[in-house]
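What follows draws every value from the coordinates through simple rules; no lab data is involved. Computed from a predicted model, the values in this text were never measured in an experiment. Neighbour counts are summed over all protein chains in view; Cβ atoms, including those assigned to glycine, are modelled from backbone coordinates with ideal geometry.
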Ligand SMILES: [Zn+2]
């Protein structure tokens, strides 16, 4: 049986002609586990990195924190920590760390039930945010 191909972070960077640091940031932002630039990522992550970095513009494609779907930024809510509040970033340009979420009740329920935002932002997110997100979907 052939040995499975290992996709190491620094090799992927070389292959795609991008900075290793950019890929590392990307993996960290999405909480994808890896140890360092010499670590290999699984095939799914490799494909994700390729799809996003090959696209040419890192900000174009994002991934939903609930269902992991990859799509263009405009299909998602951007949720940002601003000071010690979590807000829905309508402009898509608000300062701060942003995460992306499908504009679907299903994905809002997932992050509500699993308290995913609490984990990511290390803050207790109020239920109001989930109401706000659902209101926006209804609009
Ligand atoms: Zn989703």
0 to 90° range, to nearest 10: angle between helix 105-114 axis and the chain longest Cα axis: 80 degrees
Folded to 0 to 90 degrees: helix 43-54 orientation relative to the chain principal axis, Cα: 80 degrees
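Ignoring everything except DSSP H segments at least 4 long, calculate the 222 nm mean residue ellipticity for the chain; use -39,500 (n - 2.57) per segment, divide by total residues, nearest 500.
Numbers: 6 runs with 58 residues, N = 139.
That calculation yields -12000 deg cm²/dmol at 222 nm.
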Mean Cβ neighbour count within 10 Å, used as a protection proxy, ranking 94-104, 118-128 highest first: 94-104, 118-128
Principal axes of segment 57-139: Cα extent on each, largest first, Å: 33, 27, 23
Label-point separation in nm, residue 122 to residue 90, each point 7 Å along Cα→Cβ: 3.1 nm
The chain: most fluctuating residue of 49, 116, 79 per GNM, C-alpha cutoff 10 Å: 116
Binned Cα-Cα distance frequencies in the chain - 5 Å width, integer %: 2, 9, 19, 20, 18, 13, 10, 5, 3, 1, 0
Helix 20-29 axis, angle to the chain major axis (alpha carbon atoms, nearest 10°): 40 degrees
Prolate/oblate/rounded label for segment 1-58 (Cα gyration tensor, a/c 1.5): prolate
